[in-house]
1. Filter segment 147-159 for residues that are within 17 Å of Lys22 (Cβ to Cβ) and more than 16 Å from the chain's Cα centre (by Cα) and give the result.
2. Here is a list: Ser76, Ser106, Ser13. Which entry is at pLDDT below 75, hydroxyl-bearing (Ser, Thr, Tyr) and touching an Asp or Glu at 6+ places or on another chain (Cβ under 9 Å)?
3. Lys88 - would you say it is modelled with pLDDT under 75, open to solvent by 20 Å² or more (accessible area, probe 1.4 Å) and not hydrophobic (A, V, I, L, M, F, W, C)?
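The values are calculated or read from the model by the stated rules, or taken from the named source; none is laboratory data. Here the structure is a predicted model, which is why all the values come from computation and not from measurement. Note that we place each Cβ from the backbone using ideal geometry, even for glycine, and neighbour counts take in every protein chain shown. Areas reflect the complete protein model, heavy atoms only, side chains present, ligands, DNA and RNA absent. Shrake-Rupley method; radii C 1.70, N 1.55, O 1.52, S 1.80 Å.
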Amino acid sequence: MLRLILTLALLGSIPLHAADLKIAVLHPLLGDLARQVGGDQVEVIDLIGPNGDPHHFEAKPEDLEKANGAAIYLISGMGLEGYLPKLKAIIAGRSELIEVGATLPSMEGSCSEVDHRHVHEIDPHWWHSIELFRRALGIVTEALVNKSPDHAVYFRENAANYRKRLDDLEKWSRRELSKIPRDKRHL
């Protein structure tokens, strides 16, 4: 029986251990960062989901129940999450809340969605910049290392691999953009 369990575990059918660190995220891209760095050592709870809107999200009791026991909440910051004061009050003393964008420089321009339901004086969408995304990778990596130092080497290796992928993406995007005449580069 033990041989069967070990064989199934090696084949990936049965995990040998549960994830060591539970992380709640309030943006799918932060969830991706946490998964890329944390690998099988983290359980990521994406409270908003792939089709959610962080501008208008309001945590419901069932959302917070899914995240119960999370050591870290990763949020975008820069004013993106209007519900942040409420969330801080709810999780105070139980989890660490990390505003990933808090130490990132803001991008030029303001943010005003077409539907005019929200307006920001600075553009809080830092993930639109590969350089800022790389810096966010460092912030997330150090947050995981601080919460689970036994896995520091693993987290940092995963981060280095992901950074390489981001570097490759940046090189590719620069090559592709260079094909477009400067006077035609409008977004």
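1. Within segment 147-159, Ser148, Pro149, Asp150, His151, Tyr154 qualify.
2. The match here is Ser106.
3. Judged against the criteria, Lys88 is not a match.
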